[in-house]
Amino acid sequence: MSISTKEMALLWDWLPGWYDNYSQALAEPAWYVHLWLWQRVIPQGIAGQPALFIEQASALTPSQAYRQRVLVLYPDTVQYYACREPRRWQGCGAQPERLAAFSDADVTRLPGCVLAVQYQDGEFQASLVPGCHCEFEYNGQTRRVELGWRVNAQTLLSYDRGIDPDTGQALWGALMGPYIFQKRG
């Protein structure tokens, strides 16, 4: 089922913001670290489409942001991109005004990192397109990530997990269920 223009506008309203999983981390500290997650609008978009700069950090060390990525919103799908110079853009989650200088030249497309988006029961759900494998090279090694999320006006559930490409074993991320982020701003 295709997402309507009105639903796409709603998704674009819900996705950007600053989130944290404080309640979850407090309730289950053995399984969930308290994280901050930023999803900031890239003012000029990417490839002519709306785009978000995403990064996260431990709430204990928010100045040491990591796991940068760019989400580009297309009708019914999102495509993820990587930053060509991650250090240059580190901290833009907390300082989104720096994204005014961000452009298409600053990203590289991550093949296979495509999620289908559906709107159902008052929330959006995104999961890897069947047959896609989100794999990329990082520090000379092949990395695989299983991506997925659900979002409504106040909550973002992240199902992202790092996967060992040789064994298929989950290494990090949503190992015991999704990270439950509440929108804070």
Within the chain, longest stretch clear of exposed trypsin sites (Lys or Arg not before Pro) (DSSP loop, no more than 15 other Cβ within 10 Å): 85-183
Percent RCO, i.e. relative contact order, over segment 63-169, from Cα pairs under 8 Å lying at least 6 residues apart: 18
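Of the chymotrypsin sites (Phe, Trp or Tyr not before Pro) in segment 29-125, which ones lie in a loop per DSSP and count no more than 15 other C-beta atoms within 10 Å? Please list the in-between numbers first.
Working: sites: Trp31, Tyr32, Trp36, Trp38, Phe53, Tyr66, Tyr80, Tyr81, Trp89, Phe102, Tyr119, Phe124; in loops: Trp31, Tyr32, Phe102.
Listed in order of number, the matching sites are Trp31.
Could you put Ser4, Ser58 in order of accessible surface area, largest first, with the 1.4 Å probe and the full protein assembly present?
Values: Ser4 50, Ser58 25 Å².
The ordering from most to least exposed comes out as Ser4, Ser58.
Run the numbers on the chain and let me know its relative contact order in percent, using alpha-carbon pairs under 8 Å that are six or more apart. If you can, show how the numbers build up before the last one.
Numbers: 398 pairs, mean separation 33.2, N = 185.
So the answer I get is 18 percent.
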Met8, Met176, ranked by accessible area, largest first (probe 1.4 Å): Met176, Met8
Computed accessible area, Cys113, all protein chains, 1.4 angstrom probe, square angstrom: 0
Candidate residues Asp164, Asp106, Asp121: accessible-area rank, largest first, probe 1.4 Å: Asp121, Asp164, Asp106
Correct option for log10 I(q)/I(0) by the Debye sum over Cα atoms at q = 0.08, 0.10, 0.16 Å⁻¹ [calculated from the coordinates] among (i) -0.23, -0.37, -1.05; (ii) -0.30, -0.47, -1.13; (iii) -0.22, -0.35, -0.95: (i)
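The values are calculated or read from the model by the stated rules, or taken from the named source; none is laboratory data. None of these values were measured; they are calculated from a predicted model. When we count neighbours, we look across all protein chains shown, and the Cβ atoms used for this are built from the backbone with ideal geometry, even at glycine. The area values use the complete protein model at the heavy-atom level, side chains included, leaving out ligands, DNA and RNA. Shrake-Rupley method; radii C 1.70, N 1.55, O 1.52, S 1.80 Å.
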